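Working notes for the structure below.
The values are calculated or read from the model by the stated rules, or taken from the named source; none is laboratory data. Remember, predicted model here, so these are calculated numbers, not experimental data. Using ideal geometry, Cβ is built from the backbone for each residue, glycine included, and neighbour counts are taken over all protein chains shown. Accessible surface areas use protein heavy atoms only, side chains included; no ligands, DNA or RNA. Shrake-Rupley method; radii C 1.70, N 1.55, O 1.52, S 1.80 Å.
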Amino acid sequence: MTKREPRKSIIANFGSLLSDQPGSSAGSTAESSVGGRTVARVGAGVIGATQRTLTDIREERDRLRAQLESGSGLEVDPDLIEPSPFPDRLPDDSEEDFEAFKRQIEDEGQKIPIQVRRHPGSPGRYQVVYGHRRWRAAKELGRPLKCMIVDYSDSELVVAQGIENAARQDLTWIERALFAWRMDAAGIKARDIRAALGIDDPELARFRSVCRAIPEGILEAIGRAPKVGRPRWVELASALTADPTGLAKIEKTLAADKVLGTRSDDRFRIVLGALKASSAEQGRDVQLLAKSGRAIGKATFKGGDIRFSLAREHSEAFSEFLRGEIPHIVERFLAREEEA
């Protein structure tokens with residue numbers, strides 16, 4: 001009995017766009033070469049999610065190759081192109097890397113086309129599938145942009161975008177979480193989100209949990225935070241959920257000029273530190289002392305919760321006293337609020 005050859009991953013098949021040329025070889029090992037880079041295999045869920053057969057992919061490859069060889073319709077005015085409707089990037093801490101990249105495009109030209117799809121709602125316009133930096137560079141330089149034009153549905157777009165990102169492997173954890181969250185909001189099916197990011201159900205649940213707890217504006221203000229992984233983002237989300245006033249504290253912290261001028265990893269650290277310090281302060285106990293100085297109980301303040309704990313000989317009497325005093329305490333509090 002002959003031994004069956006292992007199945008190629010979808011990444012390997014996409015790699016054949018570039019490698020299936022005379023004299024080249026496309027391996028069927030656990031890694032494949034795409035554009036000169038080694039990329040990891042993506043699971044079979046990608047194939048099931050996109051519902052596109054190997055024949056479909058090869059036909060598309062042949063069409064794009066013919067388009068490249070003919071040279072027709074490949075240069076597009078960058079002003080006719082819009083970013084992907086599913087952003088997967090947060091701003092970099094510095095523009096230095098992009099400026100160097102733009103100078104390289106200016107000096108050497110654009111060597112690799114970007115991929116765009118026809119805009120589903122605006123005839124004659126396009127949306128980036130991948131290649132946002134090249135699009136931005138061409139736009140700022142005022143020169144035409146080499147493109148491969150495809151007809152993708154939203155689901156196919158996010159899967160292709162995710163495959164390209166998986167090949168680069170440079171999205172931070174929170175960028176991947178935010179990408180998944182935005183796809184969720186656009187009605188993309190969970191199976192397509194998992195396929196686009198190469199994740200399982202538990203990881204998708206963590207993405208959703210963090211983005212549900214931390215508003216998108218806060219995530220964007222903190223930034224990419226490349227050194228911050230999943231455990232610390234989950235920690236921040238949990239701390240924010242436990243503190244009813246936490247959001248206001250984070251917004252105040254991020255509004256400070258000295259914080260805004262730091263790198264995204266430092267902004268994350270400062271925000272988490274401020275939230276932890278505030279939580280610790282709120283959780284401090286206040287000792288209740290008799291005239292003699294002996295402790296007879298304590299009051300615990302944590303968030304919006306207040307708890308009194310007294311020695312047994314004082315507990316019932318204090319409860320009755322407090323019940324009668326609460327209306328007067330509230331009245332005094334509200335009067336002070338009005339004066340302020």
Quick check on ALA167: is it at pLDDT below 90, of a type in the set (A, V, I, L, M, F, W, C) and more than 22 Å from GLU216 (Cα to Cα)?
yes
Flagged pairs (Cβ under 6 angstrom, 6 or more apart or on separate chains; first in region 175-190, closer than 11 Å to ARG212 by Cα and in contact (Cβ under 8 Å) with a residue 24 or more places away in the chain; second buried (at least 19 other Cβ atoms within 10 Å of the Cβ) and β-branched (Val, Ile, Thr)) are ALA177/VAL210
The lone condition GLN161 fails out of (1) within 13 Å of PRO83 (Cα to Cα); (2) touching a residue at least 60 places away in the same chain (Cβ under 8 Å); (3) open to solvent by 60 Å² or more (accessible area, probe 1.4 Å) is (3)
For region 275-290, the count of residues that are assigned to a loop (DSSP other than H, G, I, E, B) and at pLDDT 70 or above equals 1
Filtering region 133-192 down to residues that are among the polar types (S, T, N, Q) and either more than 16 Å from the chain's Cα centre (by Cα) or closer than 18 Å to LYS111 by Cα (or both) yields SER153, SER155
Note: among ASP170, ASP201, just one is more than 30 Å from HIS119 (Cα to Cα), without any contact (Cβ under 8 Å) to a residue 24 or more places away in the chain and of a type in the set (D, E, K, R), namely ASP201
